[in-house]
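Asker: Quick one: this structure, given as structure tokens, is what I'll be asking you about.
The values are calculated or read from the model by the stated rules, or taken from the named source; none is laboratory data. Note that the structure is a prediction, hence the values are computed from the model and not measured. Glycine also receives a Cβ, built like all others from the backbone with ideal geometry; neighbour counts cover every protein chain displayed. Just the protein is used for accessible areas: all its heavy atoms, side chains included, with ligands, DNA and RNA removed. Shrake-Rupley method; radii C 1.70, N 1.55, O 1.52, S 1.80 Å.
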Amino acid sequence: MMRVPALLHPFARPAATDFIRIVAGEGAQVVDDQGNRYIDALASLWYCNIGHGQAEVAEAVAEQMARLACFHTFERFTNGPADALCERLAALAPMEGARVFLTSSGSEAVDTAMKLARLAHAVAGRPERTLMVSRRPSYHGVTYGGTALTGLPPNQEHFGPLPGQVVQVGKDDLDGMAALFAERGHEIAAVIAEPVIGAGGVYPPAPGYLRGLRRLCDEYGAWLILDEVICGFGRLGRWWGAEHYEIRPDLVTFAKGVTSGYVPLAGVLVGRPVREPLEADPALVLRHGHTYSGHPTACAAALTVLRITEREGLLDRAVGVGQRLAAGLDQIAKDGLVAEVRGDGAVWAVGLHPDRDALAVRDAMLARGVIARPIGVSAIAFCPPLMIQDHEIDRCLDALAGALAEPAATAPERP
Ligand SMILES: Cc1ncc(COP(=O)(O)O)c(C=O)c1O
């Protein structure tokens, strides 16, 4: 029997021994240690919008590291890259007067948003507002707050007890949400929603749904948190899903695209209605923060990635990428190879026929030089780097069609 590696892999079978070692990346392609080249059809994990191998980011990071690699931002300390990045993000924010709290991961951003939502209500004299509302399905990360909010029961199994005061309502069920608000509206701190549900299956919102959420939050005095960890920074053709769907959030969680994953960085845009109660008492101390909040090297990477995103016109490119991908997937559906196509902007998924297993389809695509992501047993997701070339999109589509043209493989063993 092969020895398991020392690295205990996330979202993998602890007993697994069969790994693909990625050694290099350029543009929308990565290479493994056997010399196999793949199209990265999920931008690594929904994040590498600018593509791999952009030397400018490496240079900015090296320059920052040579000057000041690290220093914290607790209490009275700050640094230039953190300040510059937050000014830039506040100017880009989909709400007026936002400030920015920095973390290293999307899960930390979600926990931060949850804590700030409760804290702002508490210090404003509404300590009874502790209830958090999320949707099923949804994905909000793996910290205990994020796990409690995530609407995927297998991700919660055996990790309990989870933080309490979390209620979930089905996606797009505005009537169910209205009923919950009618019953418990005075207790609700915030509703959290991804503009397009990503890792939960790639589901865009029903028309008018997000605006309906906004109306309910306004009517009952709850905050609306948009979890833009996937949708932010151009995935839907605008900086934010909030702009794409014309919604004003109170808090926005972001990660991934802000650095395209070159260095871990994430955070929360904190809108005026949430930050003002925190600022009202000059003696109040925000007892929350991570060692690496405002890490200068990560912030230098983010500033460079945002410059590249703008210079390369990646927001506009997202629209064209999405159109070509969606048109190709629609054709595959017309050919009867998949049951459903869903998505928006440059994030799409196909729903498989019941005799197909997503892991087996993914493996057959890998053999054709394309890395796509299986979601559950029945969907394959596409979320490519926004600089992907047309011929590379076509290779993703050919690999999917080719994999589905193979006789249905038996499902591999699941974790
Ligand atoms: C919408 C959303 N929120 C939160 C997270 C968690 O982010 P991280 O994996 O960086 O902790 C993710 C990760 O995929 C996500 O897609």
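Asker: If you take the residues of segment 198-231 that are away from the ligand (no atom under 16 Å from the Cβ) and among the aromatic types (Phe, Trp, Tyr), which of them is least open to solvent (accessible area, probe 1.4 Å)?
Answerer: We begin by selecting, within segment 198-231, every residue away from the ligand (no atom under 16 Å from the Cβ); these are 206-209, 211-212, 214-223.
With the extra rule that they be among the aromatic types (Phe, Trp, Tyr), the set shrinks to 209, 220, 223.
Numbers: TYR209: 5, TYR220: 66, TRP223: 23 Å².
Here the residue is TYR209.
Asker: Going by what's in this entry, would GLU87 be described as loosely packed, with under 13 Cβ neighbours inside 10 Å, more than 25 Å from the chain's Cα centre (by Cα) and assigned to a helix (DSSP H, G or I)? Please lay out each step first, then the result.
Answerer: Working: loosely packed, with under 13 Cβ neighbours inside 10 Å: yes; more than 25 Å from the chain's Cα centre (by Cα): no; assigned to a helix (DSSP H, G or I): yes.
When the stated conditions are applied, GLU87 does not pass them.
Asker: For segment 257-343, which fully contained helices (runs of 4 or more DSSP H) count at least 2 residues that are more than 16 Å from the ligand (Cβ to nearest atom) and closer than 30 Å to HIS353 by Cα?
Answerer: Once the helices (runs of 4 or more DSSP H) in segment 257-343 are filtered for at least 2 residues that are more than 16 Å from the ligand (Cβ to nearest atom) and closer than 30 Å to HIS353 by Cα, what remains is 314-334.
Asker: Sticking with this one: Under 9 Å by Cβ, and 6 or more places apart or on different chains, what pairs join a residue from segment 365-394 that is assigned to a helix (DSSP H, G or I) with one that is open to solvent by 10 Å² or more (accessible area, probe 1.4 Å) and not small (Gly, Ala, Ser)?
Answerer: From segment 365-394, the pairs are MET365/ILE371; LEU366/ILE20; LEU366/ASN36; LEU366/TYR38; ASP390/ARG324; GLU392/GLN29; ILE393/ARG324; ASP394/ARG324.
Asker: Quick check on my filter: what residues within segment 105-114 are open to solvent by less than 30 Å² (accessible area, probe 1.4 Å) and either in a loop (DSSP other than H, G, I, E, B) or among the β-branched types (Val, Ile, Thr) (or both)?
Answerer: Those that are open to solvent by less than 30 Å² (accessible area, probe 1.4 Å) and either in a loop (DSSP other than H, G, I, E, B) or among the β-branched types (Val, Ile, Thr) (or both): VAL110, THR112.
Asker: If we scan segment 5-18, do we find a residue that is under 30 Å from ILE188 (Cβ atoms), within 16 Å of the ligand (Cβ to nearest atom), open to solvent by 20 Å² or more (accessible area, probe 1.4 Å) and of a type in the set (Gly, Ala, Ser)?
Answerer: No, every residue in segment 5-18 fails to be under 30 Å from ILE188 (Cβ atoms), within 16 Å of the ligand (Cβ to nearest atom), open to solvent by 20 Å² or more (accessible area, probe 1.4 Å) and of a type in the set (Gly, Ala, Ser).
Asker: Here is a further query. Name every residue in segment 40-54 that is in contact with a Cys (Cβ under 8 Å, 6 or more places away or on another chain) and more than 11 Å from the ligand (Cβ to nearest atom), in order of residue number.
Answerer: ASP40, ALA41, ALA43, listed by residue number.
Asker: Only one residue in ALA55, ALA24, ALA43 is under 25 Å from the mean Cα position of the chain (by Cα) and surrounded by 22 or more Cβ atoms within 10 Å (Cβ to Cβ). Which one?
Answerer: Testing whether each residue is under 25 Å from the mean Cα position of the chain (by Cα) and surrounded by 22 or more Cβ atoms within 10 Å (Cβ to Cβ) leaves just ALA43.
Asker: If you don't mind, there's one more thing I want to ask. Would a scan of segment 62-79 turn up a residue that is in contact with a strand residue (DSSP E or B) (Cβ under 6 Å, 6 or more places away or on another chain) and in a loop (DSSP other than H, G, I, E, B)?
Answerer: no
Asker: Taking segment 31-40 as the region of interest, how many residues are more than 19 Å from the chain's Cα centre (by Cα) and either free of Cβ contacts under 8 Å to residues at least 60 places away in the same chain or open to solvent by less than 10 Å² (accessible area, probe 1.4 Å) (or both)?
Answerer: Selection size over segment 31-40: 6.
Asker: Shifting gears a bit: Output the residues belonging to segment 134-149 that are within 11 Å of the ligand (Cβ to nearest atom) and open to solvent by less than 10 Å² (accessible area, probe 1.4 Å).
Answerer: SER134, SER138, HIS140, GLY141, GLY145, GLY146, LEU149 - these are the residues of segment 134-149 that are within 11 Å of the ligand (Cβ to nearest atom) and open to solvent by less than 10 Å² (accessible area, probe 1.4 Å).
Asker: While we're on this one: How many residues, within segment 2-29, are part of a strand (DSSP E or B) and farther than 23 Å from LEU329 by Cα? Spell out how you get there, then give the answer.
Answerer: Step one: list which residues in segment 2-29 are part of a strand (DSSP E or B), which gives 22-27, 29.
Keeping just the survivors that are farther than 23 Å from LEU329 by Cα gives 22-26.
Residues flagged as part of a strand (DSSP E or B) and farther than 23 Å from LEU329 by Cα within segment 2-29 amount to 5.
Asker: Here's a follow-up. Counting just the residues of segment 171-184 that are in contact with a strand residue (DSSP E or B) (Cβ under 9 Å, 6 or more places away or on another chain) and more than 15 Å from the ligand (Cβ to nearest atom), which one comes out farthest from SER138 (Cα to Cα)? First the steps, then the outcome.
Answerer: Applying the first criterion (in contact with a strand residue (DSSP E or B) (Cβ under 9 Å, 6 or more places away or on another chain)) to segment 171-184 yields 171-173, 176-177, 179-181, 184.
Now narrow it down to the ones that are more than 15 Å from the ligand (Cβ to nearest atom): 172-173, 176-177, 179-181, 184.
Values: ASP172: 12, ASP173: 13, GLY176: 16, MET177: 15, ALA179: 20, LEU180: 18, PHE181: 20, ARG184: 21 Å.
The selected residue is ARG184.
Asker: Look through ALA333, ALA327, ALA360 and report the one residue that is among the aliphatic types (A, V, I, L, M) and either touching a Pro at 6+ places or on another chain (Cβ under 9 Å) or in contact (Cβ under 8 Å) with a residue 40 or more places away in the chain (or both).
Answerer: Matching residue, one of ALA333, ALA327, ALA360: ALA360.
Asker: Only one of PHE77, PHE71 is open to solvent by 60 Å² or more (accessible area, probe 1.4 Å) and either within 11 Å of the ligand (Cβ to nearest atom) or over 27 Å from PRO273 (Cα atoms) (or both); which?
Answerer: Testing whether each residue is open to solvent by 60 Å² or more (accessible area, probe 1.4 Å) and either within 11 Å of the ligand (Cβ to nearest atom) or over 27 Å from PRO273 (Cα atoms) (or both) leaves just PHE71.
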